Amino acid sequence: MFSIPGPGKYVREEDLLQEIGAYIRGFGKNALMIGGKTALSVAEPAIAASLSKEGIENEGFVWYGGECSWSKVEELRAVVQEKKPEVLVAVGGGKAIDTVKAVAFAENLPLLAVPTIAATCAPATPIAIMYDDEGTFIEISHRSKAPNVVLVDTKVIGAAPYRFLVAGIGDTLAKWFESSVSVQKSRPTALNQSAVRLAAGLYQLLLEKGPAAIETIKQGKVDQSVNDVIDSIILISGSVSGYGGDDCRTAAAHAIYSGLTIFPEVHDTHHGEIVAFGILSQLVLEGKSEETIRELIAYYQKVELPYTLEDMAIKELSQEQWERLGVVTVGIEDMANMPFAVTPKMVVAAIQGADHIGRKVKQQ
């Protein structure tokens, strides 16, 4: 048996970036920071000051390139080989961190992850979600390194637009809906059964604390509800993947997310927001009742998750686009984790069904 349950260490504190140099010092004497443009602009002053304080050589702050693609990974590898850092620091959201995880894996370097938003579990997983240079999903890659340390500065997370936390809730809700179906194809083990129970607990926690956390962070504050939601999105959600492994992977909700990324208009909608709509579509695909779907939509309304295609800027699709969406979605490896065979027509019917229910709710 082989398992990479998650990062080596997880720390969540206010003003944590001021101490990052001490964490880096345990792995090397010089560091290169790679991340998103906004994330680096927010984090650079505190990181640079901490590196100087701890005597860590600063090899610079480099933009990751805008997409988690193999071409960007290769470009960054060239930078790493030129600057020769002993430690890499990934700063930003999921795509930025996943990109650096792939670079760290290829270059066999220690990695610290500094998420500046709590929108996915990317900082706490050993996999990377890869896209092409235009932002269309291509694969889930295991050529990726689980961070040695994850450092979550709640002041930074709290200052980010609240919509990122909303997206994180959407992505994390999927852990329960997807793991509970994907595990049906596997022999029960201590690991995959524990992962599913953990996912169920996550779901309940987000139902209870998600709305309060969103309201609090809208006010620019961080309280225990926000801390709990942050930990759920980043660490505990990542642990579900870590414990469950391939038995508890993403399923139809993420496959539908990936399929929808073929439409450029959704690229301004965050990953977890699209996944949330994918959950509704998955429930239709599973034959769940409209009442069950409406109950989840009622929660979406409380935390401002999308529940129609129009909420994600998709106003109308041609018959050809629908057919393409169905074919692409069924071809995504996540869909193979469903406990029954899925056809393109089933996918189209599920997405249209979820959208129809969502639109009915809006009209009431």
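Values quoted throughout were computed directly from the atomic coordinates according to the rules given, and no laboratory measurement underlies them. Computed from a prediction, not measured in an experiment: that's the story for all the values here. Note that each Cβ is placed from the backbone with ideal geometry, even for glycine, and that neighbours are counted across all protein chains shown.
Details
- Screening the chain for DSSP H helices whose Cα atoms reach 24 Å or more along their own axis and whose mean Kyte hydropathy is at least 0.0 gives 37-54, 162-182, 190-218.
- In this structure, residue 53 and residue 219 have a Cβ-Cβ separation that, at R0 = 41 Å, corresponds to a calculated FRET efficiency of about 0.80.
- Derived scalar couplings between HN and Hα for the stretch 154-161 equal 5, 5, 5, 4, x, 7, 6, x Hz in order, rounded to whole Hz, by the Karplus curve 6.51 cos²θ - 1.76 cosθ + 1.60 (θ = phi - 60°), x for Gly and Pro.
- Using a Förster distance of 25 Å, the FRET efficiency for residue 324-residue 265 (Cβ separation, nearest 0.05): 0.95
- Our compactness index for the stretch 10-159, the C-alpha radius of gyration over the empirical 2.2 N^0.38 Å, is 0.93.
- Contour minus Cα-Cα distance for residue 193 and residue 29 (0.36 nm per residue): 54.9 nm
- Residue 9 long-range amide H proximity, modeled H, under 5 Å: 149, 150
- Among the chymotrypsin sites (Phe, Trp or Tyr not before Pro) found in the stretch 274-364, those both in a DSSP coil and sparsely packed, with 12 or fewer other Cβ atoms within 10 Å of their Cβ, are 340.
- A helix-only calculation puts the chain at -17500 deg cm²/dmol for mean residue ellipticity at 222 nm, using -39500 (n - 2.57) for each DSSP H run of at least four residues, averaged over all residues.
- In this structure, the amide hydrogen of residue 93, modeled 1.01 Å from its nitrogen in the peptide plane, lies closer than 5 angstrom to those of 36, 116, counting only residues at least 5 positions away or on a different chain.
- Straight-line reach from residue 362: taking Cα to Cα under 28 Å and skipping same-chain neighbours fewer than 8 places apart, the lysines in range are 175, 209, 218, 288, 302, 315, 345.
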